[in-house]
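Accompanying notes for the structure given below.
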């Protein structure tokens, strides 16, 4: 399960100091009153294939709405990242969280939602005094040019009308070194970048608080109201980069995002080209981002 143990000479083994399990009551106690009123349910599991899959199954099984449900798990046996990648999910080391939210204007109204959720996560981290938080288009959280976390959105229902969005969030909290070797890019965790220990329960509560705040009015405001805040912490701004699909790559310099959350890239010709999320990959040309 990726759990790192410490050997104590002559006494056996123990869990690492500061080891903290997720606790339903502790998380609920950290929620704002307005969030508690919108919270449908909060589920804390010891092990799941993935929190997004569990949320999807819950949506399919519910006779009424599951909107406002939050699911967390200590461990994921088949954690999923974007573009089908595996999300390394050792037991009780990081945060694996999914939220369910209903929308009634279809997929077109949700462009930029993953970026807005990134803003919500950055607000939660800043509230914990975590410094240097940046966002990488379209759905990664960075610190010091290394990946701290990611966001995965999945939609259920009618793309043109009433639909439900499952918002998956993974944050590296205290990644065991052995598990970290499975990650194929530069990464970091909160235990490395913060001076004071960060409670996973408090982190979970703050992320839910800020995400619910964004989700509550996103359908009316759209991404435009978060555009400036996102661009202020854009990890790739003015950094030569390449945008890739399965069949094609485009080199240029990211110059921010538009009011819908599309990436704006300046090409060598001076042309500004825009890219919408989906199966796109953004990589720096020369840095280890």
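The values are calculated or read from the model by the stated rules, or taken from the named source; none is laboratory data. As the structure is a prediction and not an experimental result, all values here were calculated from the model. Using ideal geometry, Cβ is built from the backbone for each residue, glycine included, and neighbour counts are taken over all protein chains shown.
Please verify whether residue 242 is outside any helix (DSSP H, G or I), farther than 22 Å from residue 77 by Cβ and modelled with pLDDT under 90, treating the condition exactly as stated. Walk me through it before giving the result.
Values: outside any helix (DSSP H, G or I): yes; farther than 22 Å from residue 77 by Cβ: yes; modelled with pLDDT under 90: no.
For residue 242, the condition - outside any helix (DSSP H, G or I), farther than 22 Å from residue 77 by Cβ and modelled with pLDDT under 90 - is not met.
Selection of region 1-35 for residues being in a helix (DSSP H, G or I) and either modelled with pLDDT under 95 or surrounded by 14 or more Cβ atoms within 10 Å (Cβ to Cβ) (or both) yields 26, 27, 28, 35.
With the condition kept exactly as written, say whether any residue in region 151-159 is in a loop (DSSP other than H, G, I, E, B) and under 28 Å from residue 63 (Cβ atoms). Give the derivation first.
Just the residues of region 151-159 that are in a loop (DSSP other than H, G, I, E, B), to begin with: 158-159.
Filter once more, so that each one left must be under 28 Å from residue 63 (Cβ atoms): 158-159.
Checked against the condition, which is being in a loop (DSSP other than H, G, I, E, B) and under 28 Å from residue 63 (Cβ atoms), region 151-159 yields at least one hit.
Can residue 90 be described as farther than 26 Å from residue 4 by Cβ, in contact with a helix residue (DSSP H, G or I) (Cβ under 6 Å, 6 or more places away or on another chain) and modelled with pLDDT under 95? It is false that residue 90 is farther than 26 Å from residue 4 by Cβ, in contact with a helix residue (DSSP H, G or I) (Cβ under 6 Å, 6 or more places away or on another chain) and modelled with pLDDT under 95. Checked against (1) within 21 Å of residue 59 (Cβ to Cβ); (2) at pLDDT 90 or above; (3) assigned to a helix (DSSP H, G or I); (4) in contact with a helix residue (DSSP H, G or I) (Cβ under 7 Å, 6 or more places away or on another chain), residue 219 meets all criteria but (2). For the residues 117, 71, the requirement of being crowded, with 21+ Cβ neighbours inside 10 Å, part of a helix (DSSP H, G or I) and within 18 Å of the chain's Cα centre (by Cα) singles out 117.
Taking residue 60, is it modelled with pLDDT under 95, more than 20 Å from the chain's Cα centre (by Cα) and assigned to a loop (DSSP other than H, G, I, E, B)?
Numbers: modelled with pLDDT under 95: yes; more than 20 Å from the chain's Cα centre (by Cα): yes; assigned to a loop (DSSP other than H, G, I, E, B): no.
It is false that residue 60 is modelled with pLDDT under 95, more than 20 Å from the chain's Cα centre (by Cα) and assigned to a loop (DSSP other than H, G, I, E, B).
Mind checking whether some residue in region 93-103 is modelled with pLDDT under 95, assigned by TED's automatic domain parsing to the domain that holds residue 147, touching a helix residue (DSSP H, G or I) at 6+ places or on another chain (Cβ under 6 Å) and in a strand (DSSP E or B)? Yes - at least one qualifying residue is present in region 93-103. Hey, could you check region 91-113 for residues that are out of contact with any strand residue (DSSP E or B) (no Cβ under 7 Å at 6 or more places or on another chain) and crowded, with 24+ Cβ neighbours inside 10 Å and say which is farthest from residue 257 (Cα to Cα)? The selected residue is 93.
Suppose we filter region 75-90 for residues that are farther than 18 Å from residue 190 by Cα, crowded, with 24+ Cβ neighbours inside 10 Å and in contact (Cβ under 8 Å) with a residue 40 or more places away in the chain; how many remain? So the answer is 1. Among the residues of region 5-38, those identified as under 24 Å from residue 79 (Cβ atoms) and out of contact with any helix residue (DSSP H, G or I) (no Cβ under 7 Å at 6 or more places or on another chain) are 5, 15, 16, 18, 19, 21, 24.
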